[in-house]
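Down below is the structure, laid out as structure tokens.
Since every read-out is calculated from the coordinates, none of them should be taken as a lab result. Keep in mind it's a predicted model, so treat the numbers as computed, not measured. Note that we place each Cβ from the backbone using ideal geometry, even for glycine, and neighbour counts take in every protein chain shown.
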4 protein chains.
Amino acid sequence: MHIGFLGLGNMGAPMARNLLKAGHRLSVFDLSEAAVAALVEAGATAAASPAALARTDVELIVSMLPAAAQVKGVYLGADGLIAQVRPGVMLIDSSTIDPLSAREVTAAARAHDNPMLDAPVSGGTGGAAAGTLTFMVGGTAEDFERARPVLAAMGRNIVHCGPAGNGQVAKVANNLLLGISMIGVAEAMSLGVALGMDPQVLAGILNTSSGRCWSSDTYNPFPGVLENAPASRGYSGGFGTDLMLKDLGLASEAARQARQPVFLGALAQQLYQAFSAQGNGALDFSAIINLYRKDAQA
Amino acid sequence: MHIGFLGLGNMGAPMARNLLKAGHRLSVFDLSEAAVAALVEAGATAAASPAALARTDVELIVSMLPAAAQVKGVYLGADGLIAQVRPGVMLIDSSTIDPLSAREVTAAARAHDNPMLDAPVSGGTGGAAAGTLTFMVGGTAEDFERARPVLAAMGRNIVHCGPAGNGQVAKVANNLLLGISMIGVAEAMSLGVALGMDPQVLAGILNTSSGRCWSSDTYNPFPGVLENAPASRGYSGGFGTDLMLKDLGLASEAARQARQPVFLGALAQQLYQAFSAQGNGALDFSAIINLYRKDAQA
Amino acid sequence: MHIGFLGLGNMGAPMARNLLKAGHRLSVFDLSEAAVAALVEAGATAAASPAALARTDVELIVSMLPAAAQVKGVYLGADGLIAQVRPGVMLIDSSTIDPLSAREVTAAARAHDNPMLDAPVSGGTGGAAAGTLTFMVGGTAEDFERARPVLAAMGRNIVHCGPAGNGQVAKVANNLLLGISMIGVAEAMSLGVALGMDPQVLAGILNTSSGRCWSSDTYNPFPGVLENAPASRGYSGGFGTDLMLKDLGLASEAARQARQPVFLGALAQQLYQAFSAQGNGALDFSAIINLYRKDAQA
Amino acid sequence: MHIGFLGLGNMGAPMARNLLKAGHRLSVFDLSEAAVAALVEAGATAAASPAALARTDVELIVSMLPAAAQVKGVYLGADGLIAQVRPGVMLIDSSTIDPLSAREVTAAARAHDNPMLDAPVSGGTGGAAAGTLTFMVGGTAEDFERARPVLAAMGRNIVHCGPAGNGQVAKVANNLLLGISMIGVAEAMSLGVALGMDPQVLAGILNTSSGRCWSSDTYNPFPGVLENAPASRGYSGGFGTDLMLKDLGLASEAARQARQPVFLGALAQQLYQAFSAQGNGALDFSAIINLYRKDAQA
């Protein structure tokens, strides 16, 4: 299949490479010439602009962009993808943006007879390279089935979350819970250790009790508890604090629009904000435990 | 073995019955004559007071009391268990109290040559009746091994958490995390559903993603998601809101004494407090989701 | 002077009338024909669109719009005020919007050689009618002095807050503090009364101690403490809960962009959100005390 | 009058001196021999113990102790003040403790026919030395009138807050509001300055708008805004962070007992806790603004 790909950043570039590996023909665009050149070397064709890419004979376009402003900029307007692309070409946006923006862009695409899916991912740069991402997909069941083989070249777990925008809803809801759970584990572990518990013993108890959660049993923030967690390698790698901060911003904004309170979510956002403002935005988000550990503040 | 048992409430009574079933001789005390009479009918002997019970030839005493004030009242002072019991008799307090009070009582027991364990439980009244409680035990390894067969008659999972007080630390840390996680799930589920997700689909995504936790995959607060959860039977049974409120009070008090902040824990406590003040203290704690669901407030 | 006025809502209409009373010639625009007709009856001339208004010989334009989206829609773009108005005409936006949007629009105006001020107000519809508003003004000192006589026809307190955008910063900072203080007073009054204090006596003590604040001594949320406060007339009139909610949304969004935590502000926003979701969005914001008063929840 | 005084710390010692200056005969007790010696040098008589002091011919006893545990220890029990003092002698406790403990001790005193008042103070060590303290007094109107002349020797503002315990309620409610307001000002000032406002200009606007409060107009936490505030002398002197932390602990505990939520109060407590844990417990509580100021964290 001839596929267009926009956005060749840390996530987009390895995703695009996996489409090449799967045998697809690829036309690519990015503002960074170096990023484009690297993909061209791997076999892709460069397009001069999103509009130029849209005017090729691509059958499907995937985008992976930083935020809603870029997604709207690329898709909407007279020079945008939607205005320029042939009706019928499927559009898949894998950026993480707020659900209402996703629904707005999808409505514009449909008005132009382009099927569209929102398909944000989880799994990080590691999952992008290994082709093991999870795709949370919003759109019609028919469009989902059509896109599934393409997504399967980039990910392992392809989940249909319901109509347009629901891929973003699922992602925002999951990361809201994740951001809260991680701080919950940070508070429980810090308090327990401050009161004299061994961190390994405490984690063992939490993980077999009602406190059990991914943030404790798979990604424990206390150094040394899990050998392979970011906490045991200085909080390098993993999912950055500033990325969690962005996702909690999306969650609280989505909640504001839905007129829903998110008490713990809003407070969690402020805690990651404070931690980032101290210069820790690039550390894995589990480093938030350092807000609590007196020994770690030295 | 001749065992003394103090506190025959919703938890203590079935625990005491399981000791009888295991073949132990039992002397019991409770302020409620009816509670004592029921155990006597099952084969126990009544004692007139804690002091009277302490002066029998019991080899080990288990207590299950509402709060630290009662524990101190029963154990300390001239008429207390410690002053009245023979040196060497093992004391096991299964009440849920703050770790510092537990350590204070244990120190008093040791000064009188009585080994002592703090051994709070989880598993609720169902686990107490079925003999499947989890015991989180603080004390020396030697005392733990001596007590294990007795505890095994009342529970299935007997965990040594470290020195005196650490049973209470483990419980308080777990329930701090549990109280936070449950609200996290409530916020994520409510937000997702308000934005158009099907609750079953959303729970399925959370449970296979990084938001996975006991509060979502085993005890989901959204009605209908899990057939056997309290949410699917009107939030009856289960672990009451006021019990969670009590445990978060212990956690924030323990944190205050340890000079540790617990941001989300303190806010969670206020949310359960507000929900209880609206007349919901007897509902299962997962009913906290009703603070978030507009449809549920009608 | 010939003045243009856009936005004739609850605030804009009485402000426009005060400009007429001061002897200015007025051209007006609003999407509501009824609102325009009422002003025409009072002596104003109707314009068919913002662009049409811009193309008259107005010397100065005032706008009073609901949110940043409307402000950008009216000012920016090919048909916007800035593109259509003569260079040199002064633009004054009295809408309450986020500081970054205000700076963006001002920059566009200056690029077109139009001096521009952001001049949000406080004082409510009462102050708008009486001409006693406070204007918080951002822009150059020279532009501020030029605009002052016009603003003085609509308000009593005209404050220069610094360069462009700072009028919005001042408003957002004040209302952030106001939203927090009001809940602080609600918590202190509710707790004191629940513990047995007479509300009048308690308010008297707060107002002469270090808890003294506008929310307590001028606008006390407890019914009966201040005869003229909204609390003493069923929380009618005043500054609506949904307006406070909007302003706290601006504050938390501005804080996010500035990478500043606002812990209490974010939590206050959630509390007003929860109170609004219960159907109380139209009540004066001091009604938030009903979240705390058990007697008031019946 | 012959007056007994217990507790000669930073507050108690200057208060006792003011009683001497007013011409009263004084018997004093403190665990610190140096503190007692200093008062004896000023004209007081030393007592060997609280009980010994109680058995002199004192007509009235004032106590100024660190916390409820010390108050209960001194007043209650077989060797306590109440058991040892003659019926009719008036007891005045000026310690800051929780209202329920105050009521418990007062009930014990009345059972022994001793009138008792709770009379916590505000005004700090400066007010104690200058005799300008505010006394918030709980007890009967008759006892209040009897005690007023004695209190007037130590303070300027003597306020009757209602029945027993209400002096403590008033203090706890005021300091709850104060702790919240100060953080509100810290958030508003930090946000405004981060967005480009001059701190003096911003403070001027807040102080003439609805954000006006003691924490802004009398005790502004931003350095340089008020020449005489602790913020302008490195946060030395003033009311220490750890004292505010103690008072918020009393407030949240009182709220827990009254089954009242205190959302902002509980979060404020955690923020002072975190700030104290970073080693700032001895700084004036307005230094909490350093949690928000990026420039101040260097």
Pairwise centroid distance, computed over Cα atoms, of the stretch B:5-21 with the stretch B:192-245, Å: 31
Span per principal axis, largest first, for the Cα atoms of chain B (Å): 66, 44, 34
For D:Asp98, distant residues with modelled amide H under 5 Å away: D:Ala68
Candidates D:Leu151, D:Leu31, D:Leu195, ranked by Gaussian network fluctuation over chain D, Cα under 10 Å, top entry: D:Leu195
Karplus (6.51, -1.76, 1.60) ³J(HN,Hα), θ = phi - 60°, over the stretch C:126-131, in Hz, Gly and Pro reported as x: x, x, 5, 5, 7, x
The protein assembly as shown pair-distance distribution - Cα-Cα, 20 Å bins, rounded %: 11, 35, 36, 15, 4, 0
Cβ crowding within 10 Å averaged over residues, with C:76-88, D:166-178, A:160-172 ranked highest first: D:166-178, A:160-172, C:76-88
The stretch A:142-157 - phi-based ³J(HN,Hα) in whole Hz, Karplus 6.51/-1.76/1.60, Gly and Pro as x: 5, 4, 4, 5, 5, 7, 3, x, 5, 5, 5, 6, 10, x, 10, 10
Axis-nearest residue of D (beta carbon) for the D-onto-B rotation, whole Å: D:Ala266, 2
Label 7 Å beyond Cα on the Cβ vector: B:Gly224 copy-to-copy distances, nm: 4.5, 4.9, 6.0
Cysteines having no other Cys beta carbon under 4.7 Å from their own, within the protein assembly as shown: A:Cys161, B:Cys161, C:Cys161, D:Cys161
Rough spin-label spacing in nm, given labels placed 7 Å along Cα→Cβ, for B:Thr218 and A:Arg156: 2.5
Cβ neighbours within 10 Å from other chains - mean over C:196-205: 5
For the stretch D:2-163, size of Cβ-based charge dipole, Lys and Arg +1, Asp and Glu -1, in debye: 260
Max mean-square fluctuation residue, GNM over chain A, Cα-Cα springs under 10 Å, options A:Ala153, A:Ala42, A:Ala266: A:Ala42
Nm distances between copies for A:Glu33, ranked from closest, using label points 7 Å along Cα→Cβ: 5.8, 8.6, 9.7
Considering only chain C, percent of DSSP beta bridges that pair antiparallel, nearest 5: 15
Rg/Rh ratio calculated on Cα atoms of the stretch C:1-96 (Kirkwood radius): 0.92
DSSP beta bridge pairing in the protein assembly as shown, given as percent antiparallel to the nearest 5: 15
Pairs beyond 18 Å (Cα-Cα), from A:Lys72/C:Lys246; B:Lys246/D:Lys72; D:Lys21/D:Lys171; B:Lys171/B:Lys246; A:Lys294/D:Lys294: A:Lys72/C:Lys246; B:Lys246/D:Lys72; D:Lys21/D:Lys171; A:Lys294/D:Lys294
FRET E, pair A:Met1, B:Ala52, Förster distance 60 Å, beta-carbon r, rounded to 0.05: 0.10
Helical mean residue ellipticity (222 nm; -39500 (n - 2.57) per DSSP H run of 4+; nearest 500) of chain A: -14500 deg cm²/dmol
Between the stretch A:24-92 and the stretch D:93-138, the Cα center-to-center distance that results, in Å: 74
For residues of A:283-294, the mean tally of beta carbons on other chains within 10 Å: 2
Tilt relative to chain A, helix A:166-194 - C-alpha long axis, 0 to 90 degrees, to 10: 20
Cα gyration tensor shape of the stretch A:2-163, rounded if a/c is under 1.5, else prolate or oblate by comparing a/b with b/c: rounded
Candidates per trypsin sites (Lys or Arg not before Pro) in the stretch A:1-48, loop by DSSP, up to 15 other Cβ within 10 Å: none
Candidates per GluC sites (Glu not before Pro) in the stretch A:178-264, loop by DSSP, up to 14 other Cβ within 10 Å: A:Glu227
Rounded if a/c under 1.5, otherwise prolate or oblate - the stretch B:182-298, Cα gyration tensor axes: prolate
Copy-to-copy label separations for B:Asp113, where each label sits 7 Å from Cα toward Cβ, in nm and ascending: 4.9, 9.7, 10.3
